[in-house]
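Below is one structure, written out as structure tokens, with a few remarks after it.
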Amino acid sequence: GLSPVEVEDLKEAIEKQQSKKPNYEGDGYAPDGTFVWDEWLCPNCESRYEVDYEYYDYCPNCGQRIDWSE
């Protein structure tokens, strides 16, 4: 059988395979006055990434699958 720790690891791995939508944060406005979302956060570990430059199917930090569908 699996130890309790192995069971937890397995649960985490399965959850990370289920894609989750990223959380967005913004702290600025574009020159035309529209609000700009400039960072997205991993919904699992909350690592921050640049919206326009860092676009991953999986979080590089924890492996969480990211759902980019609208």
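The values are calculated or read from the model by the stated rules, or taken from the named source; none is laboratory data. Fair warning: this is a prediction, and the values are worked out from it, not measured in the lab. When we count neighbours, we look across all protein chains shown, and the Cβ atoms used for this are built from the backbone with ideal geometry, even at glycine. These area figures cover heavy atoms from the full protein model, side chains too; ligands, DNA and RNA do not enter into them. Shrake-Rupley method; radii C 1.70, N 1.55, O 1.52, S 1.80 Å.
Tabulated data
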read-out	value
Some residue of segment 30-37 being touching a Gly at 6+ places or on another chain (Cβ under 6 Å) and either of a type in the set (A, V, I, L, M) or modelled with pLDDT of 95 or more (or both)	yes
Selection count, segment 1-10, where residues are open to solvent by 100 Å² or more (accessible area, probe 1.4 Å) and either touching a helix residue (DSSP H, G or I) at 6+ places or on another chain (Cβ under 9 Å) or assigned to a loop (DSSP other than H, G, I, E, B) (or both)	2
Selection within segment 31-49 - open to solvent by 80 Å² or more (accessible area, probe 1.4 Å), acidic (Asp, Glu) and closer than 26 Å to Gln17 by Cβ	Glu46
Single residue of segment 11-22 satisfying the filter (within 13 Å of the chain's Cα centre (by Cα) and closer than 14 Å to Cys62 by Cβ) that is surrounded by the most Cβ atoms within 10 Å (Cβ to Cβ)	Pro22
Segment 24-70: number of residues that are more than 11 Å from the chain's Cα centre (by Cα), hydrophobic (A, V, I, L, M, F, W, C) and not in a loop (DSSP other than H, G, I, E, B)	2
